[in-house]
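Quick notes on the structure that follows.
The values are calculated or read from the model by the stated rules, or taken from the named source; none is laboratory data. A quick note: this is a predicted structure, and the numbers were derived from the prediction, not measured. Every residue, glycine as well, gets a Cβ built from its backbone with ideal geometry; the counts of neighbours run over all protein chains shown. Note: areas computed on protein heavy atoms with side chains; ligands, DNA, RNA excluded. Shrake-Rupley method; radii C 1.70, N 1.55, O 1.52, S 1.80 Å.
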Amino acid sequence: MGMFEEVYAAVRRIPRGHVATYGQIARMIGRPHAARAVGYALGAAPSDVPCHRVVNRQGGLSAAFSPCGRETHRLLLEMEGVAFREGGMVDLETCLWR
């Protein structure tokens, strides 16, 4: 299995209402220094991979979501019940997948 497929398999395991970070996914697949590569993989992900459940290490959202970037990313997460802190970051204390 190639790295992208490993990323997709890990991201598919994130439960609804939770998020993981790029670094967390990198560690899960045994590549702890590959957080940026996880992002590249998610940019090419098939539609069945819940990419919206992955955020940066501070709980920040991605501008890569269509049609409205971070607004779309936030909406997808809110529809699953993910909590946000003041300032627009995901509340990692309550929503981080462990």
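Only residues that are modelled with pLDDT under 95 and touching a Cys at 6+ places or on another chain (Cβ under 9 Å): list them for region 63-85, please.
ALA64, PHE65
When the residues of region 86-97 are narrowed to those that are open to solvent by 40 Å² or more (accessible area, probe 1.4 Å) and of a type in the set (D, E, K, R), which ends up modelled with the lowest pLDDT?
Applying the filter and picking the extreme gives GLU86.
Every residue, every condition in (1) open to solvent by 20 Å² or more (accessible area, probe 1.4 Å); (2) among the aliphatic types (A, V, I, L, M); (3) under 13 Å from the mean Cα position of the chain (by Cα), yes or no:
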site: HIS18; (1), (2), (3): yes, no, yes
site: VAL49; (1), (2), (3): no, yes, yes
site: GLN58; (1), (2), (3): yes, no, yes
site: ALA64; (1), (2), (3): yes, yes, yes
site: PRO67; (1), (2), (3): yes, no, no
